[in-house]
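Comments concern the structure below.
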Amino acid sequence: MAEPSKVIHIRNVGHEISENDLLQLVQPFGVVTKLVMLRAKNQALLQMHDLNSAVNVLQYYTSVQPSVRCDPEYLSSFLFWVLLRGRNVYIQFSSHQELTTTDSPGWKSDQDSQPNRILLVTIHHMLYPITVEVLHQVFSPYGYVEKIVTFQKSAGFQALIQYQSRQSAVQAKSSLQGRNIYDGCCQLDIQFSNLSELQVNYNNERSRDFTNPSLPTEQRGRSSQPGYGDAGSLYALQASGARVAFAQVSTMMSNAAAIAAAFGGGLPPGVTGTNDRCTILVTNLNPEKVDEDKLFNLFSLYGNIVRIKLLRNKPDHALVQMEDGFQAELAVHFLKGALLFGNRLELNFSKYPSITPAADTHEYAGSNLNRFNNNAVKNYKYCCSPTKMIHVSALAQDITEEEIVTHLEEHGTIVNTKLFEVNGKKQALVLFESEEQATEALVCKHASTIDRSTVRISFSQLQSI
């Protein structure tokens, strides 16, 4: 039986599984100091920073992940398998207590890169949005920052930071490696890039040339610097979680922290907060019952809508442009697979950064029915997948439960209702028999009129009345 070790042995690693795939399995648990890929044997060795981190990896995958199974024959030796890219990957403690360079010529560490004035920065546990401005404020205390380019890769959110001098880059790496931009998250993993010069074509939210402020901006959503996505090493050496306070970014953090707080302290699982694609392609719609306003009523639960277009050549397809990428990511996350008019919705980010205004597009940018015009952060806490319960607000003061039921009952079986008052305003909860019925009521009756009042409807996260 293998003794517990800070070296993790992974078997059945096929060619389709990359180093980043393996690193992503263990990144949440601590620093990875070495990685050995034994391609000829379909195996890999990962060395964690300490024994406790390695133990946490195996304990987590035995108790939390639904795709993990325990092999009873090897229970005492801590052997488990994880489904990774369709392959059963076996994980256990290695017989090695420490990896050395003699174990394999293919091992990697941060020492392989030579000092350079350009840094490759990977940000782990990114709960809050990171912008060019935030990065500049974090890195500029160590020297003059000339250029910054950001991009999204499989390793996560990354940035290239170019200093005027190599000495500044060395000092920044030494001071910031392993630190957090915000308390408890956004950990900095810094390596030296192998590039000699960054080419910046646009000054916008994704790239900046501080030596040339006259550069043009660019249409939101396009890749600022094609080609940089593969620059430098992609080896993700995760940070130790040491805290660092940056007073300069406190203002930016306050809004991001409030958004995270609305979700209970962190973003929903699977939501990165780094998406910049604002347009969503919605497919498998019921073309006989869906129109632009009904889609607006549904998607506006997750952010402000700019415009919507039904594709006439593909009647079950539509494009929905949200106000920003974060709101689009929330919509995709919460609505993918939802039932609407008998069809299960499919949602993906569109290749188009925006919808071109035309006669067949519906504009919603100036609509007062957009739910995130005021106090947007507060509205995030109401974001959820469709439920059986809807919340109806902006009701007339003399409304009755019977009137509410009459207005909504054509969309399904109403199990229960409750009329109540908050701060002098009448509101109601209506429980349907299924999520699909509640969704239909919402998309059809949001912004409709009951007793001379234009009502607002959203999903409630309550389980019962």
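The values are calculated or read from the model by the stated rules, or taken from the named source; none is laboratory data. Please read these numbers as outputs of a predicted model, since none were measured by experiment. Backbone-built Cβ (ideal geometry, glycine too); neighbour counts: all protein chains shown. The protein model used for the area step is the full one, side chains on, heavy atoms only, and it has no ligands, DNA or RNA in it. Shrake-Rupley method; radii C 1.70, N 1.55, O 1.52, S 1.80 Å.
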Inset, instruction - Please name all residue pairs, on different chains or six or more residues apart, with Cβ atoms under 7 Å, provided the first residue is in the stretch 5-31 and is open to solvent by 40 Å² or more (accessible area, probe 1.4 Å) and the second residue is among the charged types (D, E, K, R) and modelled with pLDDT under 75. - result: 12/87; 16/85
Inset, instruction - State whether the residues of the stretch 293-305 include one that is among the β-branched types (Val, Ile, Thr) and without any contact (Cβ under 8 Å) to a residue 60 or more places away in the chain. - result: no
Inset, instruction - Quickly run through the stretch 352-370 and pick out the residues that are open to solvent by 20 Å² or more (accessible area, probe 1.4 Å) and either touching a Leu at 6+ places or on another chain (Cβ under 8 Å) or in a strand (DSSP E or B) (or both). - result: 352, 360, 362, 363
Inset, instruction - Output yes when any residue across the stretch 199-211 is surrounded by fewer than 19 Cβ atoms within 10 Å (Cβ to Cβ), of a type in the set (Gly, Ala, Ser) and modelled with pLDDT of 50 or more, and no when none is. - result: no
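If we scan the stretch 59-70, do we find a residue that is aliphatic (A, V, I, L, M), within 26 Å of the chain's Cα centre (by Cα), modelled with pLDDT under 70 and not in a strand (DSSP E or B)?
So far as the stretch 59-70 goes, yes, one or more of its residues are aliphatic (A, V, I, L, M), within 26 Å of the chain's Cα centre (by Cα), modelled with pLDDT under 70 and not in a strand (DSSP E or B).
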Legend entry - the stretch 1-33, residues that are modelled with pLDDT under 80 and assigned to a strand (DSSP E or B): 32, 33
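Would you mind listing the strands (runs of 3 or more DSSP E) fully within the stretch 375-465 where at least 1 residues are open to solvent by less than 60 Å² (accessible area, probe 1.4 Å) and touching a residue at least 60 places away in the same chain (Cβ under 8 Å)?
Numbers: elements: 389-395, 414-422, 425-432, 456-459.
Where strands (runs of 3 or more DSSP E) fall fully within the stretch 375-465 and carry at least 1 residues being open to solvent by less than 60 Å² (accessible area, probe 1.4 Å) and touching a residue at least 60 places away in the same chain (Cβ under 8 Å), they are 389-395, 456-459.
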Inset, instruction - From (1) at pLDDT below 50; (2) open to solvent by 70 Å² or more (accessible area, probe 1.4 Å); (3) over 30 Å from residue 344 (Cα atoms), pick out the condition that doesn't hold for residue 222. - result: (3)
Legend entry - Count of the stretch 324-351 residues which are in a loop (DSSP other than H, G, I, E, B), modelled with pLDDT of 90 or more and open to solvent by 30 Å² or more (accessible area, probe 1.4 Å): 2
Inset, instruction - Could you check, for the stretch 98-105, whether at least one of its residues is at pLDDT 55 or above and not in a loop (DSSP other than H, G, I, E, B)? - result: no
Legend entry - Candidates 187, 152 - the one that is in a strand (DSSP E or B), open to solvent by 30 Å² or more (accessible area, probe 1.4 Å), polar (S, T, N, Q) and modelled with pLDDT under 90: 152
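Could you tell me how many of the residues in the stretch 293-320 are over 23 Å from residue 380 (Cα atoms) and open to solvent by less than 10 Å² (accessible area, probe 1.4 Å)?
Of the residues in the stretch 293-320, 1 are over 23 Å from residue 380 (Cα atoms) and open to solvent by less than 10 Å² (accessible area, probe 1.4 Å).
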